[in-house]
Amino acid sequence: MSTRTYTVEGMTCGHCANAVTGEVTKVPGVTDVRIDLDAKTVSVTGDPIDDAGWFLAAQQVPWQGRIDSGPNWSNAKHRSPNRW
């Protein structure tokens, strides 16, 4: 089991955090998702952690934010195409 932490920008409310958590926990292999709005991070725990899988799941949620720089995706960015 491993945990990866990513920087998240633009996610400012609990509703967005809960929605992203709900979608990402559906990804096979993901066992836990923790979002810290104050620290601007999202931590994904699982075995294995599929970076592309959880990024795609996060895209299903309408929030105006960006996920940057994971340990294996130094230039990866996610901008949700969905808006409230």
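Determine whether Val8 is within 10 Å of the chain's Cα centre (by Cα), under 14 Å from Phe55 (Cβ atoms) and modelled with pLDDT of 85 or more. The answer is no for Val8.
Inclusion of Asp32 among residues that are out of contact with any Leu (no Cβ under 8 Å at 6 or more places or on another chain), at pLDDT 85 or above and surrounded by fewer than 16 Cβ atoms within 10 Å (Cβ to Cβ) is warranted.
If a residue has to be assigned to a loop (DSSP other than H, G, I, E, B) and within 19 Å of Met1 (Cβ to Cβ) to count, how many in region 11-58 make the cut?
Looking only at region 11-58, we keep the residues that are assigned to a loop (DSSP other than H, G, I, E, B), and these are 11-13, 25-29, 37-40, 47-50.
Checking the rest, the ones that are also within 19 Å of Met1 (Cβ to Cβ) come to 25-29, 47-50.
Here the count works out to 9.
The values are calculated or read from the model by the stated rules, or taken from the named source; none is laboratory data. Keep in mind the model is a prediction, meaning the values are calculated, not measured. Heads up, the Cβs are rebuilt from the backbone with ideal geometry, glycines too, and the neighbour counts pull from every protein chain shown.
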